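The values are calculated or read from the model by the stated rules, or taken from the named source; none is laboratory data. Small disclaimer: the values here were computed from a predicted structure and weren't measured. FYI the Cβ positions are ideal-geometry reconstructions off the backbone, even for glycines, and counts take in every protein chain you see.
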Amino acid sequence: MYAKHYPFYFLVPVLVLYFVFFILPSLLGIGYSFTDWSTYSDQISYIGLDNFRRIFSPGENYLAYMGNTLIFTAVTIILKTVIGLALAILLSEGVKRFANFYRLAIYLPAVLPTLVVALIFRSILHPATGALNMFLRSIGLDVLALPWLIDARLALYSVIGVDTWKGVGYITVILLAGLQTIPRDYYEAAEIDGAGFWARLWHVTLPMLMPAIVVITVLNVLYGLRVFDIVYALTNGGPGYATEVIYTEIFKAFSMGQYGLGTALSTVMFVVLLVAGYFVIRLLERSSGQE
Amino acid sequence: MTKGIVHALATAALATVAMVALGNSAGFAQDKVTLTYLASQGWVYDAEQALGKKFEEKTGIAIDYQIVPADQYFNLLRTKLNSGEAPDIFGGQSGVTDLKLQYNVEKNAVDLSNEPWASKLDPLVAAQSTVNGKLYGMTYWDTVGNSWVVNYNKKIFAENGIAVPTDYAGLKSACVTLLAKGIQPMFEPIADGWHHVLWFAELGPRYEEATPGLAAQLNANKATFAGNPTMLAAVTQLKDLYDSGCWGKNALADTFADRTKVMASGQVAMVVAASGFGAELKNDYPQTNLDDYGVFLMPLADNQVLNLNPAGPTMFISSASPHIAEAKQYLEFLTQPDNMKYFVDNVPNATGLPFEGVAKKLPPAIQAFMANPKRGTVYQTAVNYVNPQWMDIGKDLTAMFTGAMTPEGVLTSIDKRRAELAKAAKDPAWQQ
C-alpha cells in the first residue's frame, strides 16, 4: 500500500534545521576557542592554543575544578543509583500501605526548582542556626554538627548530598518502572531454588534491570559533568574556590566577557562528554547485545 | 471523538495566540509602563522603594525592583549586559575603570549629562561616573559623609577593661581578652563575598602613607601589590584575625543582613560598618542607647588614616531600554528636594546624599571623628582595576582563610587580574 522508503529530500529540511541550530553553533564555538574574542575589543584574533594552554597550565586552578566536576559526577552516580534502587525495591515490594503517597513524596524534590532547594538548604545547613545542626545538637550528637557548607573539605560533599536528595526521586521512578517489567515467575523460580533476598537481587533483579541502570547512568553522567545551578546557588563555588566546577567557571568567563576562554572551556567539556558518551554508548550496546 | 478534542484544542490555542497578538499590538498598548531595576542586595533601601510607590501614584509608571544576592550580582549583571538583556535601570559601583570595564557604559548606558540633577551632584562623586566628559550614572547613596569603620560596643569594652585599639596589637589584644571571657569579639560576614574585602581595600590611605605615590605608581604599572610590605602585613593580620577566632566560628556563613541583630544582642563587641551604623541600630532596635556605641579606624597595618570613598552604588539607564524617558523621569523624581529629604530621614544609616542643598545628619561624636585631618581615598577608587575584581579578591581571601592560598598568593593574584583587565582595556601602561 505505502512505499517503504521516502525520498531523501523529505529529510533535507530537518537536516538543514539540525545543522543550522545544533551542528553549526557547536562548530563555531570550537572555532572561537582558538581566538581572543572578548567584550573589551571589537577585533577577534586567532591566538592558537593559548586559551587551552591557560586552562591546563599549573598556574591556574582549572584542573582542580575539573577534578571537582569528576568527583561530583562519580559520587552522585553511585549515591543516586544505590539509594534510588533501594527506594524502588522498597516501594515495589516492601511498602504495602500508602505506597502512592511515598512515591509522590520521594519524587517531589525533583519537581522543586533548584534555586528554591538551594536556598532552603543554605538555611538548613547553616552551622549555627541551621535546622540540621540544631536537630543533631538536640539529640546529643554535637560531634556530627559540622560546618557543612563552609568547611573547604566538606562543602563539595554537602553539595553532592543536597543534589542526591533532589535527584534521587527521578532515578527511583525510572528504576521502579524497570522493576515492574521483571516477570514475577523469575523470583518465584529463584525462591524455589532457595535464593534469598541478596541472591535474587544479584542474579535476577540487577541483570534484568541493566537497561534501566544504563539509561540512568547516561543521564547522570551527562548531568554530573554539566552541573551548574545547584553549585552556583548553594555555595557559588566557595568557600574560596573549594566547590568550583567547570560550568561555574564557564559562566564566570562569559560574565567577565572573556568569550574566547569560555568557549575553550566549553570545548574541553565537549571532548570530555564525547569520550564519556562513547564509552557509555559502547556499554549500552554491550548490554543490549546480551539480551 | 479524539478528532473533535484535537480540533477544539487547536481552535483554543489559535484563539489564545490571536488574543496575545492583538494585545501586543493594540489591546494593551495603553497599559502602564513598568521599569525593571536590577540591583544588588542592600543597594535599594525601603525608603527608595517607598519613593518608587509615590512615583507610581504620581506618574502611573511602576518600578519592578529586582534584587539579586550580592555574591551573584556582578556575574548576573554582566551576563545580562553582554547578552543584550539589560533591565531598564541597573545598579553598579561607580568608579571610572568599573564604568568602562564592568558595564561598558559608553555602549550599555545612556548619557545623563544634561539631566536637571546632574549639575547638583557633588563633583567628586560625579567624576566617578563620568567617562570622556559624559556623566552616565546617578549615585543615590551616602558616599562622602560615610566611611567604613569598626563600630564597637562601649559597654563591653569598659566591662573588660579594653582601650580603643589604635594599632593591630591593640585590636589583637582586645580579641584575645574577649575570647577568654567567652564573648565573640567581632562579627565578620564573609558569606556575602564582599564585606571582608573592605579590610584590605579601604586601607588604601595607609598604604599611601607608608609608600607615598603608590597609587600613581600602581596605575602607571611601575609598582605591584605583591612585595609591598604594608599590604602583606594587612593581609597576614587579616588571616591572623580569622585563625584566632576573632570573627567567631561561623564567619564563613555569616551575612551582612544580620549586623544589627548581632550587635543588638550584646554578644558581639565589634563590626565593620558605616560610620552611621549607630542610627541604623537604633532604627532596628529602638531601645538602643546611641551613646553605648563608638567607632574607630580599621587598625590593620597600624592604620590611623581616615578612609574616604567618593564612589558607591550608582544607577544607570540601559541604552537598550525601550523606556529611557520614563527611567530619566524616575531619576529626576528621586532628586527632588522633598524626596531626597525623605530618603535621608528614612534611611537610618544615611548621613546625607551627595547633592547640593541636602542637609547632613550625624551625631556630634561621629562628626568629630570624621573630621580627622589625616585622610585619603580608598584603593578601590584610587587604583585602577581593583574594584572590578572585588568579588575575586573576596574569593582569594576566603581561600586564604581556609588554607588554600597564602597572603603572598592573594597579592600576586590581584596583580595578575589587574594585568589581565589592563590588557583587555588596552591600557598603554601595560602595553610595553
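For B:Thr402, the stated conditions do not hold, so it cannot be described as surrounded by 18 or more Cβ atoms within 10 Å (Cβ to Cβ), within 14 Å of chain A (Cβ to nearest Cβ), among the hydroxyl-bearing types (Ser, Thr, Tyr) and within 21 Å of the chain's Cα centre (by Cα).
Table: residues versus (1) more than 23 Å from B:Met400 (Cα to Cα); (2) touching a Cys at 6+ places or on another chain (Cβ under 9 Å).
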site: B:Ala169; (1), (2): no, no
site: B:Val176; (1), (2): no, yes
site: B:Leu179; (1), (2): no, yes
site: B:Gln184; (1), (2): no, yes
site: B:Leu198; (1), (2): no, no
site: B:Glu202; (1), (2): no, no
site: B:Pro212; (1), (2): yes, no
site: B:Ala215; (1), (2): yes, no
site: B:Ala220; (1), (2): yes, no
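Considering only residues that are of a type in the set (S, T, N, Q) and without any contact (Cβ under 8 Å) to a residue 24 or more places away in the chain, look in segment B:403-421 and name the one that is farthest from A:Arg153 (Cα to Cα). Residue satisfying both the conditions and the ranking: B:Ser413. Counting residues in segment B:385-406 that are of a type in the set (Gly, Ala, Ser) and under 25 Å from B:Pro313 (Cβ atoms) gives one or more.
Please specify each residue of segment B:180-194 satisfying the condition of being surrounded by fewer than 24 Cβ atoms within 10 Å (Cβ to Cβ), closer than 19 Å to B:Lys239 by Cβ and among the aliphatic types (A, V, I, L, M). Answer for segment B:180-194, where residues must be surrounded by fewer than 24 Cβ atoms within 10 Å (Cβ to Cβ), closer than 19 Å to B:Lys239 by Cβ and among the aliphatic types (A, V, I, L, M): just B:Met186. Number of residues in segment B:49-68 that are within 16 Å of the chain's Cα centre (by Cα) and touching a residue at least 60 places away in the same chain (Cβ under 8 Å) equals 0. Tell me which residues, restricted to segment A:121-165, are under 28 Å from A:Ile77 (Cβ atoms) and among the aromatic types (Phe, Trp, Tyr). Of everything in segment A:121-165, those that are under 28 Å from A:Ile77 (Cβ atoms) and among the aromatic types (Phe, Trp, Tyr) turn out to be A:Phe121, A:Trp148, A:Tyr157, A:Trp165. The set of residues in segment B:69-83 being over 16 Å from the mean Cα position of the chain (by Cα) and either more than 8 Å from chain A (Cβ to nearest Cβ) or small (Gly, Ala, Ser) (or both) consists of B:Lys80, B:Leu81, B:Ser83. Residues in segment A:135-156 that are more than 13 Å from every other protein chain (Cβ to nearest Cβ), part of a helix (DSSP H, G or I) and aliphatic (A, V, I, L, M): A:Leu136, A:Val143, A:Leu144.
Taking segment B:87-107 as the range and being within 13 Å of chain A (Cβ to nearest Cβ), in contact (Cβ under 8 Å) with a residue 60 or more places away in the chain and more than 22 Å from B:Arg417 (Cβ to Cβ) as the test, only B:Lys107 passes. Here the condition is being more than 14 Å from chain A (Cβ to nearest Cβ), more than 18 Å from B:Val378 (Cβ to Cβ) and in contact (Cβ under 8 Å) with a residue 40 or more places away in the chain; of B:Thr224, B:Thr260, it holds for B:Thr224 alone.
Taking B:Val347 as the residue in question, decide whether it is crowded, with 22+ Cβ neighbours inside 10 Å and either at pLDDT 95 or above or under 26 Å from B:Tyr293 (Cβ atoms) (or both). For B:Val347, the condition - crowded, with 22+ Cβ neighbours inside 10 Å and either at pLDDT 95 or above or under 26 Å from B:Tyr293 (Cβ atoms) (or both) - is not met. The conditions are (1) buried (at least 20 other Cβ atoms within 10 Å of the Cβ); (2) acidic (Asp, Glu); (3) over 24 Å from A:Met256 (Cβ atoms), and B:Asp98 fails exactly one of them. Which is it? The single condition B:Asp98 does not satisfy is (3). Taking segment A:1-116 and the helices (runs of 4 or more DSSP H) fully enclosed by it, the elements with 1 or more residues that are touching a residue at least 12 places away in the same chain (Cβ under 8 Å) and among the basic types (Lys, Arg) are at A:50-56, A:62-89, A:99-111. Identification of helices (runs of 4 or more DSSP H) wholly contained in segment A:185-291 with 1 or more residues that are farther than 30 Å from A:Ser26 by Cβ and within 14 Å of another protein chain (Cβ to nearest Cβ) yields no element.
Within segment B:283-314, can you find the residues that are buried (at least 18 other Cβ atoms within 10 Å of the Cβ) and within 17 Å of B:Val344 (Cβ to Cβ)? The answer is B:Gly312, B:Pro313. Checking each residue in segment B:377-390 for being in contact with a helix residue (DSSP H, G or I) (Cβ under 6 Å, 6 or more places away or on another chain), outside any loop (DSSP other than H, G, I, E, B) and either of a type outside the set (S, T, N, Q) or more than 10 Å from chain A (Cβ to nearest Cβ) (or both) picks out B:Tyr379, B:Gln380, B:Ala382, B:Asn387, B:Pro388, B:Trp390.
Checked against the criterion of being surrounded by fewer than 19 Cβ atoms within 10 Å (Cβ to Cβ) and among the acidic types (Asp, Glu), the candidates A:Asp36, A:Asp50 yield just one match: A:Asp50. Restricting attention to segment B:422-432, the residues that are at the interface with chain A (Cβ under 8 Å from one of its Cβ atoms) and not in a loop (DSSP other than H, G, I, E, B) total 1.
Condition check for A:Leu141 on (1) more than 22 Å from B:Asp258 (Cβ to Cβ); (2) modelled with pLDDT of 95 or more: one failure, at (2).
Here B:Gly352, B:Gly357 are screened, and the one residue that is under 23 Å from B:Lys282 (Cα atoms) and outside the structural domain of B:Ser413 (by TED's automatic domain parsing) is B:Gly352.
Scanning segment B:405-421 for residues that are assigned to a helix (DSSP H, G or I) and within 9 Å of chain A (Cβ to nearest Cβ) returns B:Lys416, B:Glu420, B:Leu421.
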